Amino acid sequence: MKRWHLPSLAPSSEKQLAREPGADAPRMPSLGRQKPRVLFSYPECRVVVIDLQSGEELGDHQVRERAVLEVVSGRVSIECSEETVDCETGTLVTFAPGEQHSVRALADTRLLLVLAPWPAARNRSEQEVAHAQHLPANASAEPLESFDPTTSRPG
């Protein structure tokens with residue numbers, strides 16, 4: 001068993017640059033200080049924590065996998081299929097593979113993103129299939145150390 005306490009994870013310090021080709025190339029747009037952190041990555045799914053400061057956004061994009069997004073802390077506005085909804089801490093949202101959407105932080109926010117399967121089987125290249133178990137450079141195979149939220153501030 002591996003365990004993480006999502007509200008108390010220290011913020012990631014660096015975002016890895018996209019590398020092509022390969023299954024470990026991040027496919028998420030980056031604006032401002034947004035720094036996705038891959039907690040783990042297996043063929044079944046990839047789990048990512050994203051910290052956004054108020055006003056930052058994950059611009060209009062889509063992923064090939066089914067995406068499940070949980071608002072761990074904060075508040076976001078999600079635009080999808082010409083509908084905009086505000087989502088607070090504890091909200092869970094799912095997106096179908098290929099569904100276009102954007103996410104904007106209305107407050108300092110921490111998101112948990114689950115992509116499954118990883119990468120999407122119907123879109124895997126031969127190289128991605130060969131490296132399906134490869135852990136990306138910005139992933140962690142072990143739980144990350146927690147920090148004391150009373151002395152440190154995420155984001």
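Observations, loosely collected:
- The relative contact order of the stretch 33-130 comes to 37 percent, based on Cα pairs under 8 Å that sit 6 or more residues apart.
- Anisotropy class of the stretch 33-130 from Cα gyration tensor, a/c 1.5 cut: prolate
- Binned Cα-Cα distances of the stretch 68-121, short to long, each 10 Å bin given as a whole percent: 24, 54, 21, 1
- Here each label is just a point 7 Å from Cα along the line to Cβ, and for Tyr42 and His61 those points are 2.5 nm apart.
- Distance (nanometres) between label positions extended 7 Å along Cα→Cβ at Thr84 and Leu106: 1.1
A short reminder: the numbers here are calculations on the coordinates, not readings from a lab. As the structure is a prediction and not an experimental result, all values here were calculated from the model. In this analysis, Cβ positions are derived from the backbone assuming ideal geometry, glycine residues included, and neighbour counts consider all displayed protein chains.
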